[in-house]
Amino acid sequence: MSKTNDRGGARIKQQIIPIVIVAVLFGLSFLTRTGSALRPSYYVVLFVSILNYIVLAVSWNIFSGPSGYISLSTAAFFGLGIYVSALLGEKLPVPLLMIVAGVISFAIAAIIGVITLRLRGVYFTIFTFGLVLLLQYFILWYEVKFNNLRGRTVMAVPYNTVFICLLILAGIVLIAAYYVKRSRFGMALTGIGECEDAAAHIGVNTTMVKVIAFAATSFAIGASGAAKATTMIYIDPPIAFNVMMSFMPVLMVIFGGAGSFLGPIIGAIVFTLLQEQLTTKWPKWYMIIFGVVMIISIVFLPKGLVGSFGEMVGKRKKLLLIAATAVFMVVGFIFTKLLAAAGTNIGGLVFPLLFGIIGFVIFANVLKRGKEAA
Amino acid sequence: MSRKKLLSVLLAAALGLSLLAGCGQSAAPAAAASSAKEEAAPAAAASSAKEEAAPAAEKSEAPAAEKSEAPAAEPAADVDPNKESIKVGAVRSQTGVFAMFDQTAFGPCYRMWVDKVNADGGIYVEEYGKKLPIDLIVYDDTSDMNQMTQLYQKLILEDQVDFLLPPVSTAFLSAAVPIAAQYGYLMIGAEGGSDTLKEALAKYPDFFSVLNYSVTQVPAIVDLMLEQGMKSAYIVYIQDTHGIEYSSAAEPAFKEAGIEIKEMKSVPADLADVTPIINDAMASGADAFILFTYPQITYPAIEVSKALGYNPKMFITGPGGSFESMKAACGGDEGIEGIIFEGAWNDKGSPEAAQFAKDLQEFNKDDPAFGMDWWGHIVYYASLEVLQQAIEGAGTLDNKVISQYIKDNHFNVSMGEIWFENQEIAHECFLGDLGQWQNGYPEVIDADENRTADPIVPKPDWP
């Protein structure tokens with residue numbers, strides 16, 4: 001009887017996260033009401049970037065997180081999505097553009113996956129990076145040779161529309177990520193990551209699992225590219241196949257916590273805000289601070305924010321870590337205000353974010369050492 | 001679900017809420033400013049009607065300087081009397097692959113303009129009855145299109161700027177213009193000069209392009225070649241908007257003029273070694289060697305040509321050939337002697353041009369990266385002078401009214417008297433289309449009245 005209740009409770013708890021995701025995304029959709037169709041709120045603009053990175057980071061994490069196959073092909077499928085919008089933007093509405101881009105990305109990823117997912121380790125990583133350059137130069141050559149043009153204009157779409165489309169896509173990707181992690185398919189991917197030969201021995205069709213995961217996540221990446229392209233307005237191959245789009249999701253996942261559900265989400269949110277704030281408030285320091293944050297994260301939080309949080313034993317330590325991070329963020333906020341009062345108006349979230357990260361790093365390590373000493 | 005997971009969710013929620021709270025600081029003032037701006041619209045429309053009623057000649061005679069001396073008047077009833085500055089926003093590539101352009105092209109010009117305007121107390125705006133200094137907000141797009149489009153949205157929606165300055169490059173300009181147009185802002189271009197902008201000019205009536213480009217520069221090359229008896233050319237072009245456009249314009253123009261194109265070679269932007277191309281050009285025996293490329297290819301091509309002893313009768317270069325900084329990269333005055341470049345202007349063009357050249361060099365004397373650009377600098381600065389005079393002349397900050405004022409009037413700027421035709425600076429206003437380095441000086445060598453010195457053809461031997 002109690003076992004039945006436990007199973008029922010577990011099932012209910014399993015539904016909480018998807019419900020929370022839907023509720024949060026539904027709540028976010030009200031941001032469109034803070035502005036008009038012609039003049040959206042800047043929150044909407046900012047969240048288009050955040051949602052875009054959430055889709056990319058979570059998609060990357062679904063496949064590369066558990067399987068250990070580090071893919072740098074994100075920019076390739078993102079760029080394909082952008083070109084779908086550039087070519088079909090005047091004929092199709094955004095949701096259809098996203099579906100077409102997703103299907104094309106899925107098909108190309110499946111073909112590439114069948115050919116290359118037998119490669120392991122660094123060979124696969126280099127191949128996926130090469131794919132970005134291959135597509136970039138092939139399209140550039142094709143456009144110059146046959147169309148005598150380099151760039152294309154993409155049909156602009158109101159930000160509110162793009163925001164809602166990405167909100168729905170992010171919802172689908174997040175719910176998929178949550179269930180995949182708990183499914184047999186997810187376990188097969190984890191098995192491949194831990195020991196591919198052993199997974200094959202116990203009956204997992206490793207090639208098929210890898211190809212399906214790679215292609216399915218590429219669908220989401222391509223769809224996201226199609227939606228984002230409508231805010232970029234003018235594109236050419238180097239812009240569409242920007243290699244940074246391959247690296248940023250990986251950095252976000254490492255920062256947030258690879259393999260976890262929340263890690264890529266937190267990484268995408270913090271990195272997008274940090275990028276936006278640093279480029280506008282501290283442009284000359286942007287890459288230096290970004291680099292320092294990444295080095296600190298890798299050295300002191302090798303499992304990322306969520307992984308390090310999970311290492312805390314006991315509810316008290318976890319609450320302490322949350323409280324310490326919050327206090328540091330508040331101190332950062334007060335520091336910003338004091339600077340403003342002294343005439344140095346940096347404003348925004350630079351200090352709250354950086355102080356929050358520092359606070360988390362310090363307390364996560366102090367509390368972990370306490371655990372080890374005990 | 002475990003407590004661990006629940007706590008993770010709480011952490012994320014707390015983080016999200018605190019971030020939202022932080023972001024929310026400027027929401028209310030932004031909305032207020034927006035409403036104030038919208039309320040000002042009828043006044044602007046009335047002002048526009050008034051301007052249209054006045055004769056065009058009279059309007060162009062209304063110099064900004066005279067207005068700025070006028071006694072402080074009462075502000076119009078429907079504008080914010082507490083307004084203390086004109087907010088001007090720009091998204092520029094201060095880092096990344098395009099950073100060089102903000103450092104050496106439009107960058108020095110807008111920085112000097114803001115400095116000069118503010119030193120003079122600001123720009124007189126009649127509807128406010130006072131001079132308003134410029135509050136310049138510049139964001140770095142890190143040479144990334146995504147960042148650039150997002151940051152223009154930030155300038156418009158969050159910072160509520162009054163005017164926008166253009167981004168770096170034709171591609172970025174192509175994306176920025178529709179954003180500006182969507183929110184009713186005018187945009188006067190800078191580094192972007194291209195035939196591909198024609199579409200934007202037709203579509204967006206408040207967009208103005210200022211730089212001269214292939215439409216006038218390719219015919220200038222043809223005229224010069226015919227004048228100097230050149231019969232053949234070897235053309236190298238970069239696979240980007242500039243290279244494709246110039247090569248596409250050159251092919252029919254050269255054929256029509258009877259100039260043989262020995263080879264038309266396209267190269268990628270990151271070409272690692274130019275040696276095979278120089279060898280091929282040398283073997284072709286073409287009279288003119290033409291590089292529609294950027295400095296990263298042009299400068300090595302000059303150096304490799306020297307090393308291989310390739311010295312065609314005409315050596316013509318694209319963007320970057322007009323940069324004073326080319327001297328440092330290519331062996332000083334002697335190292336670039338006789339090289340022809342797209343451009344052009346010099347301080348012989350007019351007393352105003354001479355004064356501008358002097359002022360710009362003085363303003364940037366402490367910047368080691370600065371060097372004069374004898375193609376763009378004077379045009380970029382003129383565009384800012386036009387904006388300033390249009391604000392003063394129209395007496396408002398309303399972008400639509402100012403845009404119309406720019407279309408209707410002539411302006412006295414560093415280039416001399418200029419005006420716009422189809423939203424582009426009229427060709428006769430430019431001080432030149434082609435330049436040539438002669439004893440380290442950028443002479444204008446167009447085959448017309450702009451010429452400041454006879455061209456040196458054939459090009460002297462390399463040192």
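Criterion applied to B:TYR310, B:TYR299, B:TYR294 was being in contact (Cβ under 8 Å) with a residue 12 or more places away in the chain, more than 21 Å from B:ASN439 (Cα to Cα) and either aromatic (Phe, Trp, Tyr) or touching a Cys at 6+ places or on another chain (Cβ under 9 Å) (or both), and the one residue passing it is B:TYR294. Among the residues making up the range B:158-173, a single one is within 8 Å of chain A (Cβ to nearest Cβ) and either surrounded by fewer than 24 Cβ atoms within 10 Å (Cβ to Cβ) or without any contact (Cβ under 8 Å) to a residue 12 or more places away in the chain (or both): B:GLU158. Return the pair list, or none, for Cβ contacts closer than 7 Å from residues in the range B:247-273 that are closer than 13 Å to B:ILE221 by Cα to residues that are not hydrophobic (A, V, I, L, M, F, W, C), at least 6 apart or on different chains. Once the first residue is closer than 13 Å to B:ILE221 by Cα and sits in the range B:247-273, its partners that are not hydrophobic (A, V, I, L, M, F, W, C) give B:SER247/B:TYR237; B:ALA249/B:SER214; B:ALA253/B:PRO219; B:ILE259/B:LYS231; B:ILE259/B:SER232.
Of the helices (runs of 4 or more DSSP H) lying entirely inside the range A:269-349, those containing at least 3 residues that are closer than 28 Å to B:LEU151 by Cα and of a type in the set (Gly, Ala, Ser) are A:315-341. Please indicate, with yes or no, whether at least one residue in the range A:193-210 is at positive phi and free of Cβ contacts under 8 Å to residues at least 60 places away in the same chain. Yes, the range A:193-210 has at least one match. In the range A:249-266, is there at least one residue being farther than 30 Å from A:VAL20 by Cα and not in a loop (DSSP other than H, G, I, E, B)? No, the range A:249-266 has no match at all. Within the range A:148-160, being in a helix (DSSP H, G or I) and within 10 Å of chain B (Cβ to nearest Cβ) holds for one residue alone: A:TYR159. Of the set (1) closer than 21 Å to A:ALA268 by Cβ; (2) away from chain B (no Cβ under 13 Å), all apply to A:VAL100 but (1). Residues considered: B:VAL114, B:VAL125. Of these, the only one that is buried (at least 23 other Cβ atoms within 10 Å of the Cβ), farther than 30 Å from A:VAL48 by Cβ, away from chain A (no Cβ under 13 Å) and out of contact with any Asp or Glu (no Cβ under 6 Å at 6 or more places or on another chain) is B:VAL125. Is the range A:67-77 home to any residue that is surrounded by fewer than 21 Cβ atoms within 10 Å (Cβ to Cβ) and either hydroxyl-bearing (Ser, Thr, Tyr) or in a loop (DSSP other than H, G, I, E, B) (or both)? Scanning the range A:67-77 turns up at least one residue that is surrounded by fewer than 21 Cβ atoms within 10 Å (Cβ to Cβ) and either hydroxyl-bearing (Ser, Thr, Tyr) or in a loop (DSSP other than H, G, I, E, B) (or both). Going through (1) closer than 12 Å to A:THR217 by Cα; (2) free of Cβ contacts under 8 Å to residues at least 40 places away in the same chain; (3) not polar (S, T, N, Q) one by one, A:ALA109 falls short only on (2). Against the numbered list (1) surrounded by fewer than 23 Cβ atoms within 10 Å (Cβ to Cβ); (2) more than 9 Å from chain B (Cβ to nearest Cβ), A:ASN242 comes up short only at (2). Regarding B:VAL218, is this residue on the phi < 0 side of the Ramachandran plot, hydrophobic (A, V, I, L, M, F, W, C) and part of a helix (DSSP H, G or I)? Judged against the criteria, B:VAL218 is a match.
Would you mind finding the one in B:ASP141, B:ASP135 that is among the acidic types (Asp, Glu), within 14 Å of another protein chain (Cβ to nearest Cβ) and buried (at least 23 other Cβ atoms within 10 Å of the Cβ)? B:ASP141 is the lone residue from the list that is among the acidic types (Asp, Glu), within 14 Å of another protein chain (Cβ to nearest Cβ) and buried (at least 23 other Cβ atoms within 10 Å of the Cβ). Here B:ALA180 meets the list (1) crowded, with 24+ Cβ neighbours inside 10 Å; (2) in a helix (DSSP H, G or I); (3) not acidic (Asp, Glu) almost entirely, failing just condition (1). Taking A:SER308 as the residue in question, decide whether it is of a type in the set (Ser, Thr, Tyr), over 21 Å from A:PHE247 (Cα atoms) and crowded, with 21+ Cβ neighbours inside 10 Å. When the stated conditions are applied, A:SER308 passes them. None of A:ALA176, A:ALA101 is farther than 25 Å from B:PRO178 by Cα and either assigned to a helix (DSSP H, G or I) or touching a Cys at 6+ places or on another chain (Cβ under 9 Å) (or both) except A:ALA176. Restricting the range A:226-239 to residues that are hydrophobic (A, V, I, L, M, F, W, C) and closer than 21 Å to A:PHE106 by Cβ leaves a set whose member that is surrounded by the fewest Cβ atoms within 10 Å (Cβ to Cβ) is A:ALA227. Name, by its number, the condition in (1) within 26 Å of B:VAL88 (Cβ to Cβ); (2) crowded, with 22+ Cβ neighbours inside 10 Å that does not hold for B:CYS429. In the conditions (1) within 26 Å of B:VAL88 (Cβ to Cβ); (2) crowded, with 22+ Cβ neighbours inside 10 Å, B:CYS429 misses (2) alone. Condition check: at pLDDT 90 or above and more than 11 Å from every other protein chain (Cβ to nearest Cβ). Does A:PHE163 satisfy that? Against the criterion (at pLDDT 90 or above and more than 11 Å from every other protein chain (Cβ to nearest Cβ)), A:PHE163 qualifies.
Across the range B:310-351, which residue is farthest from the chain's Cα centre (by Cα) among those that are assigned to a loop (DSSP other than H, G, I, E, B) and aromatic (Phe, Trp, Tyr)? This residue is B:TYR310. The residue that is surrounded by the fewest Cβ atoms within 10 Å (Cβ to Cβ), among those in the range B:193-203 that are touching a strand residue (DSSP E or B) at 6+ places or on another chain (Cβ under 7 Å) and within 11 Å of chain A (Cβ to nearest Cβ), is B:LEU197. In the range A:309-358, the qualifying residues are those that are over 27 Å from the mean Cα position of the chain (by Cα) and among the basic types (Lys, Arg), and the one that is farthest from A:ARG369 (Cα to Cα) is A:LYS337. Here A:LYS368 does not fit the description of being of a type in the set (Lys, Arg), farther than 23 Å from A:ILE254 by Cα and either in contact with a Phe, Trp or Tyr (Cβ under 6 Å, 6 or more places away or on another chain) or outside the structural domain of A:MET248 (by TED's automatic domain parsing) (or both). A:GLY171 passes every criterion in (1) surrounded by 14 or more Cβ atoms within 10 Å (Cβ to Cβ); (2) within 14 Å of chain B (Cβ to nearest Cβ) apart from (2).
The values are calculated or read from the model by the stated rules, or taken from the named source; none is laboratory data. Given the structure is predicted, the values throughout are model-derived calculations rather than measurements. Cβ atoms come from the backbone with ideal geometry, glycine included; neighbour counts cover every protein chain shown.
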